[in-house]
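Engineer: If you scroll down you'll find the structure; I have some questions about it.
The values are calculated or read from the model by the stated rules, or taken from the named source; none is laboratory data. Here the structure is a predicted model, which means the values were calculated and not measured. Every residue, glycine among them, receives a Cβ derived from its backbone with ideal geometry; neighbour counts consider all protein chains shown.
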Amino acid sequence: MPADIYVSRIAPHFWEEPVISGKNGTAAVFFTGCTLDCIYCQNSEISQQNQGHKTTAEEIARKLDKLICSGCETVSFITPTHYIYAVQEVIRLLKPTVPVVFNTSGYERAEVLRGLEGYVDIYLPDFKYADNRLAQEYSGVGDYFEVADKAIAEMVRQTGKPEYNGSVLKSGTVVRNLVLPNHTKNSIAVIEHLSEKYGDEIIFSLMGQYIPHGKATAHPKLNRKITKREYQKVLTAFENSRLDGFCQELSSADEKYIPNWDF
Ligand code: SF4
């Protein structure tokens, strides 16, 4: 992405974890571009084809302020890492009265994240792969595990254990894993690693919403939704772990949950 800020959507968003969306939604900014290049990306129009609208930190702050005034319970910066300076500037202008969420792929350097200390209350990273061969094949990076592991350690260092304000999260780190078809072992390895390293220091969010999209529709292993059996296998590993958190219902694997990228 260029230095100018490109955004694909700014709107209330209701489909994050309940502790982030609350009842009235999170005021969400979907940035254009991404740190990864996943072949199954459900948002490839904005993450890879870069469909977006040129804007400014001032305009983003003004729109977020309106959304907070209308009742949004958190602010979410989504795929924001390559626009970290813009995020800092928006937060300085906005002076948000609700928790700030930084929602990422997990693939960013810990030293970049250190620049967000004091700006972000809640980190919402993916931990996509324990197996770097899958990371290379599906997302184009061969060092995902080590990079994401260090990034998440930095996030947890900054936020500490989850703290709540009523039913909405005030601070903490929520780590997501999307179960891919034919790759339950990878998700189980992620769960086991996080359980051993963090236990109840983080919230874990298991996602069953995978639907083949873009290049994945032609991939022999990724061209279908996950089965109930696959999901149950990973769910059992989650239930047997020291992690607490959320799991999606399989009915969330539906294109209707992909937002419109109309700014
Ligand atoms: S990290 Fe998420 S948004 Fe980025 S390319 Fe991968 S699936 Fe898409």
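Engineer: If you take the residues of the stretch 97-116 that are farther than 13 Å from Tyr85 by Cα, away from the ligand (no atom under 16 Å from the Cβ) and in contact (Cβ under 8 Å) with a residue 12 or more places away in the chain, which of them is surrounded by the fewest Cβ atoms within 10 Å (Cβ to Cβ)?
Structural biologist: Ranking the qualifying residues of the stretch 97-116, first place goes to Thr97.
Engineer: Taking the options Val87, Val147, Val112, Val141, name whichever one is over 20 Å from Ile5 (Cα atoms), within 18 Å of the chain's Cα centre (by Cα) and in a helix (DSSP H, G or I).
Structural biologist: On inspection, the qualifying residue turns out to be Val147.
Engineer: Only one of Glu196, Glu163, Glu192 is acidic (Asp, Glu) and more than 15 Å from Asn240 (Cβ to Cβ). Can you tell me which?
Structural biologist: Glu163
Engineer: From the set of residues in the stretch 226-257 that are farther than 17 Å from Asp126 by Cα and polar (S, T, N, Q), which is surrounded by the fewest Cβ atoms within 10 Å (Cβ to Cβ)?
Structural biologist: Ser251
Engineer: Now a separate question. Being of a type in the set (S, T, N, Q), within 16 Å of the ligand (Cβ to nearest atom), more than 16 Å from the chain's Cα centre (by Cα) and not in a strand (DSSP E or B), is that true of even one residue in the stretch 163-186? Walk me through it before giving the result.
Structural biologist: Just the residues of the stretch 163-186 that are of a type in the set (S, T, N, Q), to begin with: 165, 167, 171, 173, 177, 182, 184, 186.
Then keep just the ones that are within 16 Å of the ligand (Cβ to nearest atom); that gives 177, 186.
Going one step further and asking which of them are more than 16 Å from the chain's Cα centre (by Cα), we end up with 186.
Narrowing further to those that are not in a strand (DSSP E or B): 186.
Looking for residues that are of a type in the set (S, T, N, Q), within 16 Å of the ligand (Cβ to nearest atom), more than 16 Å from the chain's Cα centre (by Cα) and not in a strand (DSSP E or B), one finds at least one in the stretch 163-186, hence yes.
Engineer: For the list (1) among the small types (Gly, Ala, Ser); (2) within 14 Å of the ligand (Cβ to nearest atom); (3) assigned to a loop (DSSP other than H, G, I, E, B); (4) over 30 Å from Asn182 (Cβ atoms), I need the number of the one condition that Ala28 fails.
Structural biologist: (3)
Engineer: I'd like to verify a number: residues in the stretch 38-77 that are within 16 Å of the ligand (Cβ to nearest atom), crowded, with 21+ Cβ neighbours inside 10 Å and assigned to a helix (DSSP H, G or I), how many?
Structural biologist: Matching residues across the stretch 38-77 total 2.
Engineer: Test of understanding: among Leu94, Leu67, Leu36, which residue is touching a residue at least 12 places away in the same chain (Cβ under 8 Å), closer than 30 Å to Ala218 by Cβ and not acidic (Asp, Glu)?
Structural biologist: Leu36
Engineer: For residues that are assigned to a loop (DSSP other than H, G, I, E, B) and closer than 23 Å to Phe246 by Cβ, scanning just the stretch 117-127, find the one that is farthest from the ligand (Cβ to nearest atom). Write out each step before concluding.
Structural biologist: First pass over the stretch 117-127, keeping only residues assigned to a loop (DSSP other than H, G, I, E, B): 117-121, 127.
If we keep only those that are closer than 23 Å to Phe246 by Cβ too, we end up with 120-121, 127.
Details: Val120: 18, Asp121: 22, Phe127: 11 Å.
Among them, the one singled out is Asp121.
Engineer: Quick test of your reading of the structure: Arg62 fulfils all but one of (1) touching a helix residue (DSSP H, G or I) at 6+ places or on another chain (Cβ under 6 Å); (2) of a type outside the set (Asp, Glu); (3) within 16 Å of Pro12 (Cα to Cα). Name the failing condition by number.
Structural biologist: Of the numbered conditions (1) touching a helix residue (DSSP H, G or I) at 6+ places or on another chain (Cβ under 6 Å); (2) of a type outside the set (Asp, Glu); (3) within 16 Å of Pro12 (Cα to Cα), the odd one out for Arg62 is (1).
Engineer: Quick check: anything in the stretch 128-148 touching a Leu at 6+ places or on another chain (Cβ under 7 Å), at pLDDT 95 or above, within 25 Å of His183 (Cα to Cα) and more than 11 Å from the ligand (Cβ to nearest atom)?
Structural biologist: Looking through the stretch 128-148, none of the residues is touching a Leu at 6+ places or on another chain (Cβ under 7 Å), at pLDDT 95 or above, within 25 Å of His183 (Cα to Cα) and more than 11 Å from the ligand (Cβ to nearest atom).
Engineer: Among residues belonging to the stretch 1-25 that are farther than 19 Å from Asn165 by Cβ and of a type in the set (A, V, I, L, M, F, W, C), point out the one that is farthest from the ligand (Cβ to nearest atom).
Structural biologist: Top of the filtered list is Ala3.
Engineer: Also: Scan the stretch 206-263 residue by residue and report those that are in a helix (DSSP H, G or I) and among the basic types (Lys, Arg). Please lay out each step first, then the result.
Structural biologist: Our first condition is that a residue be in a helix (DSSP H, G or I); within the stretch 206-263, this holds for 214-218, 228-239, 250-252, 255-257.
Lys215, Lys228, Arg229, Lys233, Lys256 - these are the residues of the stretch 206-263 that are in a helix (DSSP H, G or I) and among the basic types (Lys, Arg).
Engineer: Also, I was wondering about something else. Please specify each residue of the stretch 78-92 satisfying the condition of being surrounded by fewer than 17 Cβ atoms within 10 Å (Cβ to Cβ) and within 26 Å of Tyr164 (Cα to Cα).
Structural biologist: Selection gives Gln88, Arg92.
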